[in-house]
Amino acid sequence: MTRKLRLLDLGLVLLLALLGWQMRAEWVWAHARELAFRQQRIDQKPAPASDPLPKVAPLSPMAYAEVAILNLFSRDRNPQVILDPPAPPVEKPVPPFPLARGVMLWDGAPPTVVLTERPGGDQKGYHPGDAIGPWKILSVDNKYVVLEWDGKQFKKRIDELMDRTNLMAEAPPQAPPTSGPPAATNLSGPNNNVKSGPGADTGSGFRACVAGDTTAPGTVIDGVKKIVSQTPFGSACRWEPAK
């Protein structure tokens, strides 16, 4: 037992001696490296020349004028005068449209529309290109008439422009109901209050028909012949130059 302990102690002593030798070798190597690093010479090179900095311009108060102009909390410092937008132009009121009494479309003749400027006024035939008051007639057909005023065009229906005042005035009044027998009416004689023959001149030698005229179609009076034709609005009557 004592022999084993001695061998163990001897092994420990040898191990400690080996560790001490190793540590000294490491120290010698580190010391030699430090000496070699200190003794090493480094070539010193001059630093490269740097470009000179740009010259700073002197301060100018005018350079900061935009700061004052764009100041959101002081609008009165803005030298630009803000003008109010111009007021929109006031549109002129559209004058009253002329009133229609009918339209006449004949082969070989320009279309004619019978108009009046005001209710109950004088009636006259107008063709495309004619003017009635402030209005100018551009085109006429069996349903529409195109009018121009102040450079603007208005397409109106014929029945929309009809003069209802004259139509109501021409309608016969209704007789009040009576309890007795109806009075006798002479149906054989013509109405003496109705004018027979051609009416107002509508231009180009054509004449209008008088309401209630009982002259037979084809009758020639004063060089004009009575013609009755069918239109979308009913029967159309005219007097045209007899051939």
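Can you find a residue in region 125-132 that is at pLDDT below 85 and either part of a loop (DSSP other than H, G, I, E, B) or out of contact with any helix residue (DSSP H, G or I) (no Cβ under 9 Å at 6 or more places or on another chain) (or both)? No. For region 135-158, the tally of residues that are exposed (fewer than 15 other Cβ atoms within 10 Å of the Cβ), in a loop (DSSP other than H, G, I, E, B) and not polar (S, T, N, Q) stands at 4.
Scanning region 59-106 for residues that are assigned to a loop (DSSP other than H, G, I, E, B), modelled with pLDDT under 80, farther than 30 Å from Ser204 by Cβ and hydrophobic (A, V, I, L, M, F, W, C) returns Leu70, Leu72, Phe73, Val81, Ile82.
The values are calculated or read from the model by the stated rules, or taken from the named source; none is laboratory data. The shown structure was predicted, so the numbers you read here are calculated from the model rather than taken from an experiment. Cβ: placed from backbone, ideal geometry, glycine included. Neighbour counts: every protein chain shown.
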